[in-house]
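A.B. asks: Got a structure for you, written out below as structure tokens; questions coming shortly.
Every read-out reported here was derived from the displayed coordinates using simple, explicitly stated rules and does not represent laboratory data. Note that the coordinates shown come from a computational prediction; the quantities given were computed from them, not determined experimentally. Quick reminder, even Gly has a Cβ in these numbers, built from the backbone with ideal geometry, and neighbours come from all protein chains shown.
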Amino acid sequence: MLVDAVNHRDREGATETTVLGPFYVGEHRTVPSNSNIAVGVAGRPMFVDIRVTSLNGGPVENVAVDVWHADDEGFYDTQKKSYQHEGASLRARFVTDANGHVSFRTILPRSYPIPTDGPVGQLVAATNRHPMRPAHIHFLLNAPGLEPLITHVFIEGDEYLESDVVFGVKEELICKVERRDDPIMPDGQPAMGPWYEMKYDFHVKPGEGHVPQPTQ
Ligand SMILES: [Fe+2]
């Protein structure tokens with residue numbers, strides 16, 4: 001988090017950044033907007049609707065939007081044995097359309113503990129802190145001519161927002177996720193009961209930069 005703070009002092013109206021985290025696995029498979037990235041995954045259905053704009057508010061087309069998040073029990077796909085034979089779930093790449101828009105179906109992520117074995121775990125224990133991260137979706141936005149944006153969107157109301165073990169929370173990254181009962185979701189497909197809606201706008205700025213390589 002200190003590295004993030006030093007490298008991103010002046011956001012000039014661009015969306016705040018936060019840590020990449022250990023669960024990024026490199027370029028994700030590109031899927032069309034409105035895809036369901038939680039096929040066969042239990043959880044509370046959520047429709048995510050995002051827009052990418054420049055600092056002056058105009059839509060930005062052809063931005064690669066990498067998304068990854070934990071499941072309803074707080075685990076990433078790569079932490080599970082099924083990853084070896086079933087491949088990615090709750091992670092994908094989308095590309096913004098002419099309106100800077102991307103939407104997809106998934107499930108609400110759950111808060112999770114960081115691994116507490118090893119020196120990080122010892123540090124957390126020594127400082128009398130819990131190991132939890134508040135529920136969030138990771139986003140990595142990248143396109144030629146743009147400064148890559150590595151961030152999370154956090155779920156408003158999570159009990160760990162004030163005490164994230166890695167200090168990754170920034171106020172503007174907290175999103176109110178509304179419960180809906182409409183029988184049809186925004187993709188025109190039926191909803192099988194109550195669902196949740198996340199709407200978030202990202203503001204990107206010109207520049208370049210390099211996307212860090214995954215750490216596992
Ligand atoms: Fe995470």
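A.B. asks: Classify segment 130-216 as rounded, prolate or oblate, taking a ≥ b ≥ c as the square roots of the eigenvalues of its Cα gyration tensor: rounded when a/c is under 1.5, otherwise prolate if a/b is larger than b/c and oblate if not.
C.D. replies: In terms of gyration-tensor shape, oblate.
A.B. asks: Treating the beta-carbon of each Lys and Arg as +1 and of each Asp and Glu as -1, no other charges, what is the dipole magnitude of segment 49-164 about its Cα centre, to the nearest 20 debye?
C.D. replies: Using only the charged Cβ atoms, the result is roughly 220 debye.
A.B. asks: Another question about this same structure. Output the relative contact order of segment 9-150, whole-number percent, from Cα pairs under 8 angstrom with separation of 6+ residues.
C.D. replies: 31
A.B. asks: Rank A126, A88, A98 by mean-square fluctuation in a GNM of the chain with C-alpha springs under 10 angstrom and give only the top-ranked residue.
C.D. replies: Evaluated over the chain, the most mobile residue of the options is A126.
A.B. asks: Still on this structure, I have one more. Please identify, among H69, H130, H138, the residue showing maximal mean-square fluctuation in a Gaussian network model of the chain using a 10 angstrom Cα cutoff.
C.D. replies: Checking each option, the largest mean-square fluctuation is seen for H130.
A.B. asks: May I pose another question? Given H placed 1.01 Å from N in the peptide plane, which residues other than close sequence neighbours of V63 have an amide H under 5 Å from its amide H?
C.D. replies: Counting only residues 5 or more places away or on other chains, the set is T96.
A.B. asks: Right, another one. Which of rounded, prolate or oblate describes segment 37-80 when judged by the alpha-carbon gyration tensor and an a/c cut-off of 1.5?
C.D. replies: Because a/c hits 1.5 or more and a/b exceeds b/c, segment 37-80 counts as prolate.
A.B. asks: Could you give the spread of the C-alpha atoms of the chain along their three principal axes, from largest to smallest, in whole angstroms?
C.D. replies: So the extents along the principal axes, rounded to whole Å, are 50, 41, 34.
A.B. asks: First check a/c for segment 1-102, with a ≥ b ≥ c the square roots of the eigenvalues of its C-alpha gyration tensor; if it is under 1.5, answer rounded, and if not, answer prolate when a/b is larger than b/c or oblate otherwise.
C.D. replies: Taking the square roots of the gyration eigenvalues as a ≥ b ≥ c, segment 1-102 is oblate.
A.B. asks: For the chain, set up a Gaussian network in which alpha carbons nearer than 10 Å are linked by springs, and say which option among Y200, Y83, Y112 fluctuates the most.
C.D. replies: Highest fluctuation among the options: Y83.
A.B. asks: With θ set to phi - 60°, apply the Karplus curve 6.51 cos²θ - 1.76 cosθ + 1.60 along segment 27-42 and write out the HN-Hα couplings as whole Hz, x wherever there is a Gly or Pro.
C.D. replies: Karplus values, whole Hz, x for Gly and Pro: 4, 8, 5, 7, 10, x, 4, 6, 5, 9, 9, 10, 4, x, 9, 6.
A.B. asks: Still on this structure: Can you compute the charge dipole magnitude of segment 2-203 about its Cα centre, using +1 on each Lys and Arg Cβ and -1 on each Asp and Glu Cβ, nothing else charged? Give it in debye, rounded to the nearest 20.
C.D. replies: With only Lys, Arg, Asp and Glu charged at Cβ, the dipole is about 380 debye.
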